[in-house]
1. Tally time: how many residues in the stretch 17-73 are hydrophobic (A, V, I, L, M, F, W, C) and over 22 Å from Ile88 (Cα atoms)?
2. Filter the stretch 15-53 down to residues that are at pLDDT below 95, over 17 Å from Glu77 (Cβ atoms) and surrounded by 17 or more Cβ atoms within 10 Å (Cβ to Cβ), then give me how many there are.
3. Cβ-Cβ below 7 Å, separation at least six or inter-chain, first residue in the stretch 27-52 and over 14 Å from Leu14 (Cβ atoms), second of a type in the set (Gly, Ala, Ser) and not in a loop (DSSP other than H, G, I, E, B): which pairs?
Amino acid sequence: MREEILLTDCPQVLQDRINQIQQKHSYDIISVQKWETTPFKDKTIVMSDFRVFLQYGYEVAIYKSYVTTGGSPLDGEVYFSSMNAAEIITIATKAKWIGDDLRNVLNQPIKN
């Protein structure tokens, strides 16, 4: 399940990293999200994946942090990935399934 949240709803380590970046650069925060999954059959463990999407020019960076009931080696760290416009276009035009989904989404009105 995905929901839009505020940066202040994220783990402190992720907030600190984003604030540190924002002090050096004025990147646009385009989305802050929380995804919850139950990775095991018995549904006793909930993994919360917090994501902050930053845009700078033709680049989009995603910073992530996890909080897991019972703890996990992934908890307490900040993970980073990025894509540029050319990479996003390649996925949208060349990738099977994902590309189809992206093209369908792009044909719908943009929701803020």
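The values are calculated or read from the model by the stated rules, or taken from the named source; none is laboratory data. Since the model is a prediction, treat every value here as computed from it, not as a measurement. Backbone-built Cβ (ideal geometry, glycine too); neighbour counts: all protein chains shown.
1. The total comes to 7.
2. 1
3. These pairs meet every condition: Glu36/Ser48.
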